[in-house]
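Okay, structure first, notes after.
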Amino acid sequence: MKKGLIIILIVAAILSLFGGCSVSGGYNNAVALEENATTAWNNVESSYQRRADLIGNLVKTVQGAADFERKTLTEVIEARSKATSTTIDIDNLSPQAIQKFQQAQSGLSSALSRLLVSVERYPDIKANRNFLELQSQLEGTENRITIARNRYNEAVKVYNTHIRQFPFNLFNAFFGFEKMHGFQAEEGAEKAPDVNFEFN
């Protein structure tokens, strides 16, 4: 009888140790995945900041044309200001916060599109080397933004999958791990924006 009890206790101890290691490993993995998603979000913000900086330089270049449409420039400057002041606390990546951020960035994209269309009527600006270089950098930055957003969404997917898997999902509330939210396509996003980076 004593031998049977000892075997039961040893098996129980092994199972407890295994369970503790499993929870500990799940916790550590969740922390790593959450940090990865946070870093991916920081890269999204960094890409948008790069775009805002380039737009500031683009506006300064265009302002050199004395007769350029001031209203268009003002719209871009105001949209850029709104986009750079709309930030998200990394601890509050709610769908509403991401949507607000996305709307501000979309407003800047629209204003930028109008600026680039307006420039078509100004051959001197279109021929300006600084303008051409900035326009090329903007195109590359738009690609970076897309890549950064996709990487963020992928990191969120991996994190969310991990915290929903059994048995770790039983401990989420205890450890404070909550579902993260990614970027969603905006309504009408299936229509490509009319931004022209070609020159005549």
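The values are calculated or read from the model by the stated rules, or taken from the named source; none is laboratory data. Everything numeric in this text was worked out from a predicted model, so none of it was measured. Note that we place each Cβ from the backbone using ideal geometry, even for glycine, and neighbour counts take in every protein chain shown.
Taking the stated definitions as given, is Pro193 closer than 24 Å to Val59 by Cα and modelled with pLDDT under 90? Give the derivation first.
Working: closer than 24 Å to Val59 by Cα: yes; modelled with pLDDT under 90: yes.
Answer is yes for this residue.
State whether one or more residues within segment 130-144 are assigned to a helix (DSSP H, G or I), within 27 Å of Leu33 (Cβ to Cβ) and at pLDDT 90 or above.
Step one: of segment 130-144, the residues assigned to a helix (DSSP H, G or I) are 130-144.
Checking the rest, the ones that are also within 27 Å of Leu33 (Cβ to Cβ) come to 143-144.
Cutting the leftovers down to at pLDDT 90 or above gives us 143-144.
Within segment 130-144, one or more residues are assigned to a helix (DSSP H, G or I), within 27 Å of Leu33 (Cβ to Cβ) and at pLDDT 90 or above.
Of the residues that make up segment 56-68, is at least one small (Gly, Ala, Ser) and under 30 Å from Phe177 (Cα atoms)?
Going through segment 56-68, the residues small (Gly, Ala, Ser) turn out to be 56, 64-66.
Imposing the further condition that a residue be under 30 Å from Phe177 (Cα atoms) reduces the set to none.
Among the residues of segment 56-68, not one is small (Gly, Ala, Ser) and under 30 Å from Phe177 (Cα atoms), which makes the answer no.
Select from segment 70-104 the residues that are assigned to a helix (DSSP H, G or I), touching a residue at least 40 places away in the same chain (Cβ under 8 Å) and under 24 Å from Glu34 (Cβ atoms) and list them in ascending order.
Pro95, Ile98, Gln99, Gln102
Let me confirm something: among Ser94, Ser109, which residue is of a type in the set (Gly, Ala, Ser) and within 19 Å of Leu58 (Cβ to Cβ)? Reasoning before the result, please.
Values: Ser94 fails: within 19 Å of Leu58 (Cβ to Cβ).
Result: Ser109 is the single residue among Ser94, Ser109 that is of a type in the set (Gly, Ala, Ser) and within 19 Å of Leu58 (Cβ to Cβ).
Being closer than 30 Å to Lys100 by Cβ and modelled with pLDDT under 85 is the filter here, so list the residues in segment 163-175 that pass it. It would help to see each step written out before you state the result.
Taking segment 163-175 first, the residues closer than 30 Å to Lys100 by Cβ are 163-164, 169, 172-173, 175.
Answer for segment 163-175, where residues must be closer than 30 Å to Lys100 by Cβ and modelled with pLDDT under 85: Asn169, Asn172, Ala173, Phe175.
Residues being farther than 26 Å from Trp41 by Cβ and either part of a helix (DSSP H, G or I) or of a type in the set (Val, Ile, Thr) (or both): count how many of those fall in segment 105-129.
Kept after step one, since they are farther than 26 Å from Trp41 by Cβ, are these residues of segment 105-129: 114-129.
Next, only the ones that are either part of a helix (DSSP H, G or I) or of a type in the set (Val, Ile, Thr) (or both) stay: 114-119, 123-127, 129.
Number satisfying all stated conditions: 12.
Restricting the search to segment 156-173, which residues are over 17 Å from Leu93 (Cβ atoms), in a helix (DSSP H, G or I) and in contact (Cβ under 8 Å) with a residue 60 or more places away in the chain?
Selection gives Phe168 alone.
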